[in-house]
Amino acid sequence: MSTIAFVGLGIMGSPMAVHLQRAGHEVRGYNRSPEKTRALAEAGGTVVASVAEAVAGADVVALMVSDTPDVEAVLTGEGRGGDGVLGHARQGALVIDFSTIRPDVTVRLAQAAREQGLGYLDAPVSGGEAGAKNAALSVMVGGSEEDFARGREVLEVVGRTVVHVGPTGSGQTVKAANQLIVAGNIALLAEAIVFLEGYGVDTAAAVRVLGGGLAGSAVLEQKADKMLQRSFDPGFRVDLHHKDLGILTAAAREAGVVTPLGSAVAQLMAAARAGGHGDLDHSALFHLIASLSGRD
Ligand code: NAP
């Protein structure tokens, strides 16, 4: 069993840290705003007041923060008065970044970690808040075989599908593809529901039968009711999906490939955010799509 520093106890990080503690690891959790630490404390974990305290002597340092600059700040300590992972972790510790961030920056951060004698895995996840709560996440892992072998036991506590997809940065690239597929599905589901409502059909019945055929999907299962009920508590926020579609479009341009539907849905997600829906679940893209038809 390992000592695990866990930085970022938000919607995803908190249940993941709790599962690790319950699995017998010794988890030391840090969150920038202290009120989110309660669940970990109740599960028997230790709550600390700085990144430095969390990582001191830890075998594994798990990060689950929002965006690329946040991972960078937590790792380097820049803008945090030097309170960063790289300056305080013990030699040989393994950093596992569960956050969804840019693949190119991941490669640079992993290099900096290695120069400090640390292992590094990018391990973004999919499965949403429900997946985190049920320890049923899909974890897409980039890094060396050796680091993957070391991190596997920890990854399998939070994930049901854990796959090593390639060298450093590959996990983030696969996650960008994941976010393209999910956003496209949400947009098409929203269009289908607006279309069905336009005909006044029983939408709940329609969704039930659609779910049994080729149109069925995890997105339909988890998001159709939210759209039918106009109930968009997050979940996964529009702001975060907007961030991820920015990662996708930049990475696609970098690779010289085009993602026409991805670009369209990135614009729609940006419009949902600009319209004041950034803090709602990403299924609130429905509001925007409905409003294009003069409905909501
Ligand atoms: P969240 O609830 O907003 O949690 C983000 C956490 O990061 C908070 O604890 C926040 O601290 C911390 N944080 C952000 N910036 C920081 C900084 N500069 N320094 C220190 N701490 C910082 O978000 P989430 O939904 O858990 O998402 C976390 C990551 O998982 C994101 O990369 C997201 O894209 C990804 N993800 C989310 C889902 C989902 O369904 N929610 C699914 C898959 C992947 P404060 O409490 O102080 O703000």
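Some observations on this one:
- Applying both filters, DSSP loop and at most 13 other Cβ atoms within 10 Å, to the chymotrypsin sites (Phe, Trp or Tyr not before Pro) of region 194-256 gives Y199.
- Loop-exposed trypsin sites (Lys or Arg not before Pro) per DSSP, neighbour cap 16 Cβ within 10 angstrom, longest uninterrupted part of the chain: 91-229
- Taking every alpha-carbon pair under 8 Å whose residues sit at least 6 apart, the chain reaches a relative contact order of 13 percent.
- Among residues other than L248 with Cβ under 15 Å from its Cβ, the summed charge is 0 (Lys and Arg +1, Asp and Glu -1).
- Amide H contacts under 5 Å for V162, placed H, 5+ residues apart: V139
- Per-residue Karplus couplings for region 56-73, computed as 6.51 cos²θ - 1.76 cosθ + 1.60 with θ equal to phi - 60°, are listed in order as 4, x, 6, 7, 10, 10, 9, 10, 9, 10, 7, 9, 4, x, 6, 4, 4, 5 Hz, Gly and Pro entered as x.
- Close amide H contacts of R90 (hydrogens built in the peptide plane, cut-off under 5 Å, sequence separation of 5 or more or a different chain): G57, A58.
- Under Karplus coefficients 6.51, -1.76 and 1.60, residue-wise ³J(HN,Hα) of region 115-129 in Hz, glycine/proline x: 5, 8, x, 10, x, 8, 10, 8, 9, x, 10, 9, x, x, 4
- Dipole size of the chain about its Cα centre, with +1 on Lys/Arg Cβ and -1 on Asp/Glu Cβ: approximately 200 debye, rounded to the nearest 20.
- Sum of -39500 (n - 2.57) over DSSP H runs of 4+, divided by residues of the chain (222 nm, nearest 500): -16000 deg cm²/dmol
Every read-out reported here was derived from the displayed coordinates using simple, explicitly stated rules and does not represent laboratory data. Remember, it's a predicted structure, so these values are computed and weren't measured experimentally. Cβ coordinates were reconstructed from backbone atoms using ideal geometry, including for glycine residues, and neighbour counts include every protein chain displayed.
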